[in-house]
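Read through the structure below, which is laid out as structure tokens, and then see the notes.
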Amino acid sequence: MSRMKKIGIMGGTFNPIHNGHLRMAQAAMRQYHLEEVLFVPSKNPPHKKKKEIIGEEHRARMICLAIDGISGFSFSDIELKRSGTTYTCDTLSKLREVHPTWELFFILGGDSLESLDDWHMPEKIMNQCTILAAPRYGVNEKDFLALCKEKAEKYSGTVLPVHMEELEISSRAIRENVKKGESLLSICPEKVEKYIALHGLYGAKKHKIFYDDENYNEYITELLTCIEATLRPKRYQHTLGVAQTAATLGFCYFSSDSDCKRAELAGILHDCAKYLTGDEMIQLCEKHKITLTETERINTALIHGKLGAYLAKKRYGIRDAEILSSVQYHTTGKPKMTTLEKIIYVADYIESGRKMNCMPYSLAEVRKKCYQDLDKGLLMILTNTVEYLKKSDRKIDEMTTITYEYYKERVKL
Ligand code: DGI
Ligand code: FE
Ligand code: FE
């Protein structure tokens, strides 16, 4: 029989995730030698609309931001993906079914342990896992241990205490601080605080930044903090790659330093809307009266350029029309692109983090060409893209086709 792996499960609404959750998971992990802790956010209740619970995409993204880089912590969308009411006992069954070598430890706070009687089928939960409970703030150790014993006996299971420094952190406190405009420093990770501010969650005043030519470096630093607090880590790395590549291409094709900076800036911004789901992008476009083509509605991945340009303008204070159109057209391209638009289009494809098998032109070949002749490099990428979309049976966007035809007529490889 294969070795059993001890896996901790952190369930909850995480509305939002905070340092208390992270410390509880860490304490449980250390004390009970868990190999991994899975953060499993629950779905929004379908009927009784609890209006203080924000959208599940926001809650999930904040979890991912909070646990990024912490070894042993990971995210699971198992409950979000399920339809209908999700019960902890079903989630545990599902996890055991998919991962028969997992020994499950459900980690919860003392207040949840106190209300365990109200959960759906507590004995079925206890039957499938060991409960690791952290004491509620202000409850003394003796009472807490008695509570663990009481629940364990009542449901014929195991409830073990997690020893940790008492913390008076709650999601409610975060929401209240946000409403009062107070800092969340030391109660939640910085990226989570930034995420809340950028989206105006829990009644926060929406955070916007303004482009400042005089203090370019400070602007870029702040912009990067915002981008990092929204994109997934891999996407953020890609963004840095595109910015770097765009700046380098700028050295080849521009003569002024300021144009190279504009290329870098457009690179940083190009995928700034990419963290949103297709449905969210459609909703935002409707809300802000951004018109969508039929192809974009079917193929929502295409929307992030358009919406990215909108966010670059409204959220990140960019007024430079050429930077905005470079962001807008970076996925499809367009006829008569300016040098900056071409740079962003090709940088997105050749950035050093990209690893893909391209046809008919290899990535190595395309990369080299882009630095020798921008138009030829551009046409190679357009050719590869059209080829790839045809092969994968995807609908080719009208703008992609027009752009390809336009450059095929005018550029000789
Ligand atoms: O956002 P990135 O992944 O960095 O790159 P991108 O903005 O070029 O988007 C790439 C995605 O867009 C990829 O999944 C292919 C898709 N795409 C690009 N052009 C078209 C397209 N999809 C369709 N259906 N039609 C297109 O013309
Ligand atoms: Fe993109
Ligand atoms: Fe990109």
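The equivalent ellipsoid of the chain has semi-axes of 47, 24, 19 Å, largest first, where each one is the square root of 5 times an eigenvalue of the Cα gyration tensor. Angle of helix 56-67 to the longest C-alpha principal axis of the chain, folded into 0 to 90 degrees and rounded to 10: 90°. Normalised by residue number, the volume inside the convex hull of the Cα atoms of segment 85-131 is 71 Å³ per residue. Computed over the alpha-carbon pairs of segment 279-413, the distance histogram in 10 Å steps reads 12, 40, 36, 12, 0 percent, short to long.
Of L22, L92, L185, the residue with the greatest mean-square motion in the GNM of the chain, using alpha carbon springs below 10 Å, is L185.
Take each peptide in 293-301, 399-407, count the other Cβ atoms within 10 Å of every residue, and average; sorted highest first, the result is 399-407, 293-301. Our coupling estimate for segment 358-367, obtained by passing each phi through the Karplus curve with A = 6.51, B = -1.76, C = 1.60 and θ = phi - 60°, is 9, 9, x, 9, 6, 4, 4, 5, 4, 4 Hz, Gly and Pro reported as x. A 32 angstrom limit on the alpha carbon distance is what I want to check against. Which of K261/K306; K205/K336; K206/K390; K206/K261; K6/K206 exceed it? Beyond 32 Å: K205/K336; K206/K390; K6/K206. Please build a GNM for the chain, connecting alpha carbons under 10 Å apart, and tell me which residue among L116, L184, L311 fluctuates the most. Of the options given, L116 has the highest mean-square fluctuation.
Using a probe radius of 1.4 angstrom, the carbon and sulfur fraction of the accessible surface of the chain is 50%.
Seen against the Cα atoms of the chain and their longest principal axis, helix 374-391 is set at about 50 degrees. Most tightly packed first, judged by the mean number of other beta-carbon atoms within 10 Å of their residues, the peptides 102-108, 121-127 read 102-108, 121-127. Excluding ligands, DNA and RNA, the accessible surface per residue across segment 263-413 is 48 Å² with a 1.4 Å probe. With the alpha-carbon atoms of segment 1-150 aligned to their principal axes, the span from lowest to highest coordinate is 41, 37, 32 Å, starting with the largest. Cα extents for segment 236-359 along the principal axes, largest to smallest and rounded to whole angstrom: 40, 36, 28.
Relative to the longest principal axis of the Cα atoms of the chain, the long axis of helix 233-253 makes an angle of roughly 20 degrees.
Across the chain, the mean sequence separation of Cα contacts (distance under 8 Å, 6 or more residues apart), normalised by length, yields a relative contact order of 11 percent.
With helices as the sole contributors, the chain gives -16000 deg cm²/dmol at 222 nm; each DSSP H run of n ≥ 4 counts as -39500 (n - 2.57), and the sum is divided by every residue.
The values are calculated or read from the model by the stated rules, or taken from the named source; none is laboratory data. Predicted, not measured: the structure shown is a model, and the values here were computed from it. Ideal geometry is used to build each Cβ from the backbone, glycine not excepted, and the neighbour counts take in all protein chains shown. Surface accessibility is based on the protein's heavy atoms, side chains included, excluding ligands, DNA and RNA. Shrake-Rupley method; radii C 1.70, N 1.55, O 1.52, S 1.80 Å.
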